[in-house]
């Protein structure tokens, strides 16, 4: 069976263009979850070949030459956790960070290597819009160990580049390419968020139903807050990667890393703008609601002011005592209606004179 690679949830794994890897498949078929998503030996020229658990455990093997290794694991699998803790040779602090449940983006030098933790939007079907999932990498320049819990499409993108022979040539290049594709994958999400706020503003101007608008504005602001929570430190993590690993990157990877830093800087600025724009739209919506309420209260006040004298007249004529004028007159009701009509007209003229409406 071909080695498994990161693919969309619910879809079959994408086979790598290489000979079958029997050992990893046999272990998986015994009923144990080995946790190996894929392992690739980089050829130093943009390509790679898949290897199995045996090659991972024995790395660097005799004859491997200057090849570098990328191991991608499912961090929830017992086999992956056991290898990381007992056989990977990674510093315990790095292992703890790779397996930690909650993380924030950062880049730290640990155990002779670099620990890089980044976040990307969860693009898996059915995921929450404001959910961001982590990708964690450790590299010492000869080996990259990355882990994930959910499928990360940026990882798959880089793997496909290596499969096509146009991927990164070094382990540090893998880290840079993963960061770059995380940014590219987020571009549409940030754009949709910005356009969504613009659309909401247009609906506010068009006096749309404000109850649904308030809910959608709240969702937009919550998404912007959730994204910025991780993108702001992620920008600093990429700055740290540039500082700590810049000397080991070729000119192309350095340029790509700078572009990725600029992209995440722009995302943070756009999220700030989205939050401010959403706040302005929400204030405008509140002002429209206040104006609508004031207008309704004004109309009710005018109606009450007109009806108050009429209510006084009808109440006075309705008392059960003798001497009510017109009680015995057949045209008395018409006289009362005429008096009330004159009273209403007089009130309207007075209100207009006083500029009450």
In the stretch 67-90, anything part of a helix (DSSP H, G or I), touching a helix residue (DSSP H, G or I) at 6+ places or on another chain (Cβ under 7 Å) and under 17 Å from residue 139 (Cβ atoms) is listed as 84
Conditions: (1) within 19 Å of residue 173 (Cα to Cα); (2) out of contact with any strand residue (DSSP E or B) (no Cβ under 6 Å at 6 or more places or on another chain); (3) buried (at least 16 other Cβ atoms within 10 Å of the Cβ). Residue 112 meets all but one. Number of the miss?
-> (3)
Residues of the stretch 260-311 that turn out to be in contact with a helix residue (DSSP H, G or I) (Cβ under 7 Å, 6 or more places away or on another chain) and under 21 Å from residue 214 (Cβ atoms), as a count = 11
Hits in the stretch 220-251 - residues which are modelled with pLDDT under 75 and closer than 21 Å to residue 168 by Cα = 239, 242, 243, 244, 245, 246, 247, 248, 249, 250, 251
Filtering the stretch 124-143 down to residues that are touching a helix residue (DSSP H, G or I) at 6+ places or on another chain (Cβ under 7 Å) and buried (at least 19 other Cβ atoms within 10 Å of the Cβ), which residue is nearest to residue 228 (Cα to Cα)?
-> 132
Residue identified as more than 20 Å from the chain's Cα centre (by Cα) and in contact (Cβ under 8 Å) with a residue 24 or more places away in the chain among 120, 113 = 113
Any residue in the stretch 14-28 that is at pLDDT 55 or above, assigned to a loop (DSSP other than H, G, I, E, B) and touching a helix residue (DSSP H, G or I) at 6+ places or on another chain (Cβ under 9 Å)?
-> no
Determine if the stretch 170-185 includes at least one residue that is surrounded by fewer than 22 Cβ atoms within 10 Å (Cβ to Cβ), at pLDDT below 85, touching a helix residue (DSSP H, G or I) at 6+ places or on another chain (Cβ under 9 Å) and closer than 21 Å to residue 273 by Cβ.
-> yes
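Listed here are the residues, each with its yes/no results for (1) free of Cβ contacts under 8 Å to residues at least 12 places away in the same chain; (2) farther than 30 Å from residue 184 by Cβ; (3) crowded, with 18+ Cβ neighbours inside 10 Å; (4) touching a strand residue (DSSP E or B) at 6+ places or on another chain (Cβ under 6 Å).
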site	(1), (2), (3), (4)
213	no, yes, yes, no
236	no, no, no, no
276	yes, no, no, no
283	yes, yes, no, no
288	no, yes, no, no
320	yes, yes, no, no
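The values are calculated or read from the model by the stated rules, or taken from the named source; none is laboratory data. In this text, all values refer to a predicted model and were calculated from it rather than measured experimentally. Cβ coordinates were reconstructed from backbone atoms using ideal geometry, including for glycine residues, and neighbour counts include every protein chain displayed.
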